[in-house]
Amino acid sequence: MGTPASAAQDASAAAGPAGNTTAAAGASSGAGASSAVEQRLAELGLTLPEVAAPVAAYVPAVISGNHVYTSGQLPFINGGLEATGKVSAGTEAAADEATVSPEAAKRYAAVCAVNALAAVKSVIGDLDRITRIVKVVGFVSSDPSFTGQPGVINGASELLGKVLGDAGQHARSAVGVAVLPLDSPVELELIAEFA
């Protein structure tokens, strides 16, 4: 698949050595992974985090028929955001605004995808039950002149392709927005079909 591996490595780099999407000793050996999908994550140095507690009146994921709909997932690492602000490709942002580079935002989109898989697992129990990622919607907190939202959300799409193979191929929207919860640079939701 070529490029998906780089997204997974980027997600690992974004998580850092103590990040909740990495397991320092267990991930590389596959220890504790309970599904083939989690084994592939482990091979990439990633592990599923605990599902983030909702910050408002909602649940992380719900089942309807044979689909799981996730709530928007932020790039939480160890329960917090490593970066906040708008994604900007240059110096066009106001000097007093925090900005995040498109490359960093792409890594955070991959972290969002791992967090979304954790939300899916929380309601179906085993990620090997996923038969297809049907739809991904990515939101990018964007400086008004930034138009690279699809490249940012590729971080999530590439990671899903790497760990789910053909089942990770999906329809997608990448949307630029003025601001996201907690001033996160990215947010991701997905719909997964399962058997």
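The values are calculated or read from the model by the stated rules, or taken from the named source; none is laboratory data. Computed from a predicted structure; not experimentally measured. Here the Cβ is made from the backbone with ideal geometry for all residues, glycine too, and neighbour counts use every protein chain on show. All accessible areas refer to the heavy atoms of the entire protein, side chains included, with ligands and DNA or RNA removed. Shrake-Rupley method; radii C 1.70, N 1.55, O 1.52, S 1.80 Å.
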*Ignoring ligands, DNA and RNA, what percent of the accessible area of region 68-130 is carbon or sulfur (1.4 Å)?*
44
*Lys and Arg at +1, Asp and Glu at -1: add these up for the other residues within a Cβ distance under 12 Å of S141 and post the number.*
-3
*Calculate, for V179 and A36, the FRET efficiency according to 1/(1 + (r/R0)^6) with r their C-beta to C-beta distance and R0 35 Å; round to the nearest 0.05.*
0.40
*Roughly how many Å² is the accessible area per residue of region 74-174, as a whole number, for a 1.4 Å probe?*
38
*What does a probe at E50 reach in region 70-84, counting residues whose amide N is under 16 Å from the point 7 Å along Cα→Cβ?*
76-81
